[in-house]
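Below is one structure, written out as C-alpha coordinates; comments come after it.
The values are calculated or read from the model by the stated rules, or taken from the named source; none is laboratory data. Keep in mind that this is a model prediction, so the values were computed, not measured. Cβ placement follows ideal geometry from the backbone for every residue including glycine, while neighbour counts extend to all protein chains displayed. In case anyone asks, the SASA skips ligands and DNA or RNA and just uses the protein heavy atoms, side chains included. Shrake-Rupley method; radii C 1.70, N 1.55, O 1.52, S 1.80 Å.
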Amino acid sequence: MKEENKNLTKISFHDLRHSAASFLLEQGINVKVIQNILGYSDIKVTLNTYAHITEDGYSEAAKTFDNFYKSSK
(Lines give C-alpha, C1' and ligand atoms only; values in the text may rest on other atoms or scores of the structure.)
Protein backbone atom coordinates (compact mmCIF):
# COMPACT_ATOMS: atom_id res chain seq x y z
CA MET A 1 0.00 0.00 0.00
CA LYS A 2 1.26 3.47 -0.92
CA GLU A 3 1.95 5.76 2.03
CA GLU A 4 0.80 9.36 1.63
CA ASN A 5 2.67 12.31 3.01
CA LYS A 6 -0.03 14.59 4.35
CA ASN A 7 2.44 17.47 4.73
CA LEU A 8 2.78 17.94 0.97
CA THR A 9 0.42 20.05 -1.07
CA LYS A 10 -0.85 18.40 -4.23
CA ILE A 11 0.02 20.43 -7.29
CA SER A 12 -0.56 19.78 -10.96
CA PHE A 13 1.97 19.62 -13.76
CA HIS A 14 0.51 22.91 -15.01
CA ASP A 15 1.26 24.52 -11.63
CA LEU A 16 4.88 23.33 -11.83
CA ARG A 17 5.18 24.64 -15.37
CA HIS A 18 3.75 28.03 -14.38
CA SER A 19 6.03 28.24 -11.34
CA ALA A 20 9.11 27.38 -13.39
CA ALA A 21 8.28 29.98 -16.04
CA SER A 22 7.57 32.62 -13.40
CA PHE A 23 10.82 31.86 -11.60
CA LEU A 24 12.85 32.07 -14.81
CA LEU A 25 11.22 35.37 -15.74
CA GLU A 26 11.92 36.83 -12.28
CA GLN A 27 15.56 35.73 -12.61
CA GLY A 28 15.89 37.83 -15.74
CA ILE A 29 15.95 35.00 -18.25
CA ASN A 30 15.14 36.25 -21.74
CA VAL A 31 11.45 35.81 -22.58
CA LYS A 32 12.37 34.22 -25.91
CA VAL A 33 14.28 31.49 -24.05
CA ILE A 34 11.29 30.89 -21.75
CA GLN A 35 9.02 30.73 -24.80
CA ASN A 36 11.20 28.02 -26.32
CA ILE A 37 11.39 26.04 -23.07
CA LEU A 38 7.59 26.11 -22.76
CA GLY A 39 7.14 25.30 -26.43
CA TYR A 40 4.92 28.25 -27.32
CA SER A 41 4.95 29.11 -31.02
CA ASP A 42 4.13 32.76 -30.38
CA ILE A 43 5.97 34.93 -27.86
CA LYS A 44 2.74 36.87 -27.22
CA VAL A 45 1.36 33.86 -25.35
CA THR A 46 4.38 33.83 -23.06
CA LEU A 47 4.23 37.57 -22.47
CA ASN A 48 0.47 37.66 -21.92
CA THR A 49 0.63 34.74 -19.50
CA TYR A 50 3.71 35.58 -17.44
CA ALA A 51 4.68 39.25 -17.87
CA HIS A 52 2.31 40.40 -15.11
CA ILE A 53 4.29 38.36 -12.58
CA THR A 54 7.15 40.80 -12.24
CA GLU A 55 5.56 43.55 -10.17
CA ASP A 56 9.07 44.68 -9.22
CA GLY A 57 9.81 45.17 -12.91
CA TYR A 58 8.71 48.80 -12.85
CA SER A 59 11.00 49.56 -9.94
CA GLU A 60 13.91 47.74 -11.60
CA ALA A 61 13.30 49.57 -14.87
CA ALA A 62 13.34 52.92 -13.07
CA LYS A 63 16.55 52.03 -11.22
CA THR A 64 18.22 50.90 -14.45
CA PHE A 65 17.26 54.10 -16.23
CA ASP A 66 18.36 56.18 -13.23
CA ASN A 67 21.75 54.44 -13.14
CA PHE A 68 22.18 54.94 -16.88
CA TYR A 69 21.26 58.61 -16.57
CA LYS A 70 23.66 59.18 -13.68
CA SER A 71 26.53 57.45 -15.47
CA SER A 72 26.03 59.49 -18.65
CA LYS A 73 26.54 62.84 -16.87
Exercise. Label residue 66 and residue 38 with points 7 Å out from Cα along Cα→Cβ: what is the distance between them in nm?
Worked result: 3.0 nm
Problem set entry | Anchor residue 63: lysines whose Cα lies under 17 Å away (excluding residues fewer than 8 positions away in-chain) | 73
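Given a 1.4 angstrom probe, what's the average accessible area per residue across the chain, in square angstrom?
Values: 6440 Å² over 73 residues.
Value for the chain: 88 Å² per residue.
Would you work out the Kirkwood radius for the chain? I mean one over the mean of 1/r across all pairs of different Cα atoms, in Å. Write out the running numbers ahead of the final one.
Numbers: mean 1/r = 0.0673 Å⁻¹.
For the chain, inverting the mean 1/r across all distinct Cα pairs yields 14.9 Å.
With the full set of protein chains in place, find how many percent of the accessible area of the chain is carbon and sulfur; take the probe as 1.4 Å. Please report the intermediate quantities before stating the final value.
Numbers: 3650 of 6440 Å².
Using a 1.4 Å probe with all protein chains present, the chain comes out at 57 percent carbon and sulfur.
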